[in-house]
Amino acid sequence: MSVKITLYRWEGQYGPFKIKVPCGECSLTKDIILDAIATDLKDIPVELDIHAWLNEWWKPLLKGAWHAPIVLVEGKVISQGHALNRGVLTQAVIEAHAKQTTLTGNHIFGKTNCIHCQHAKQYFEEAKLSYEFHDVVKNPRDLYEMLARVKPIVGAKTPITVPQIWLDSQYVGGAEELSAILGREVEPNPERGICSLTAKGHEKN
């Protein structure tokens, strides 16, 4: 299933009214979307629809948007009235994609200076299990995906610590939960219950 991006540009005609002045920010927004699809989102199936705003002005208005350029992801307005923020687009598409798909295999979402992330890697390696490590500090896309997948499971208000782990395509939690499943001894993580992605959390690691 693909994620649908819709762009309404400042152009078109409605009855006797016709837009004659081109919109530079609309052109820039289109270029940002196309480049993001080709790079940041290259392995996510995306469908891009581009419309002349004045021809169909009532459609985005029903979504609460009236000022082109207007960008929607899966029918939700993420930007209007100015050039698109690339990060906002990337996050919205990844969140939509996460709702449509499930992770397969073994995954660790973490950061390089996290001792508990290192323990999780060790547990996988001792069990001779391959895994994919996602650095949520160095790669914003990995951070967006982790939050999009974990928040619906643990609750929107629950602080998210690292690591967050999937084993055999199933979410298991952190290093402590992984060790229990794999039968490994583990050092308790004192950061559980607070956000280890904060500056305070970085100091502890």
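Residue-by-condition table, conditions (1) modelled with pLDDT under 95; (2) within 26 Å of residue 100 (Cβ to Cβ); (3) not hydrophobic (A, V, I, L, M, F, W, C):
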site	(1), (2), (3)
136	no, yes, no
145	no, yes, yes
148	no, yes, no
152	no, yes, yes
176	yes, no, yes
185	yes, no, yes
200	yes, no, yes
204	yes, no, yes
Every residue from segment 23-58 that is without any contact (Cβ under 8 Å) to a residue 12 or more places away in the chain and part of a loop (DSSP other than H, G, I, E, B) | 39, 42, 43
May I ask you to list the residues in segment 119-142 that are outside any loop (DSSP other than H, G, I, E, B), under 20 Å from residue 88 (Cβ atoms) and in contact with a strand residue (DSSP E or B) (Cβ under 8 Å, 6 or more places away or on another chain)?
-> 142
Scan segment 117-136 and report the pairs whose first residue is over 12 Å from residue 167 (Cα atoms) and whose second residue is exposed (fewer than 13 other Cβ atoms within 10 Å of the Cβ), with Cβ atoms within less than 7 Å and a gap of 6+ or a chain change.
-> 119/187; 135/112
Of all the residues that make up segment 145-177, how many are assigned to a helix (DSSP H, G or I), crowded, with 21+ Cβ neighbours inside 10 Å and out of contact with any Pro (no Cβ under 9 Å at 6 or more places or on another chain)?
-> 3
Where in segment 69-117 are the strands (runs of 3 or more DSSP E), entirely inside, with at least 2 residues that are in the same structural domain as residue 140 (by TED's automatic domain parsing) and surrounded by 22 or more Cβ atoms within 10 Å (Cβ to Cβ)?
-> 107-110
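The values are calculated or read from the model by the stated rules, or taken from the named source; none is laboratory data. Bear in mind that the values here come from a model prediction, so they are computed numbers and not experimental data. Heads up, the Cβs are rebuilt from the backbone with ideal geometry, glycines too, and the neighbour counts pull from every protein chain shown.
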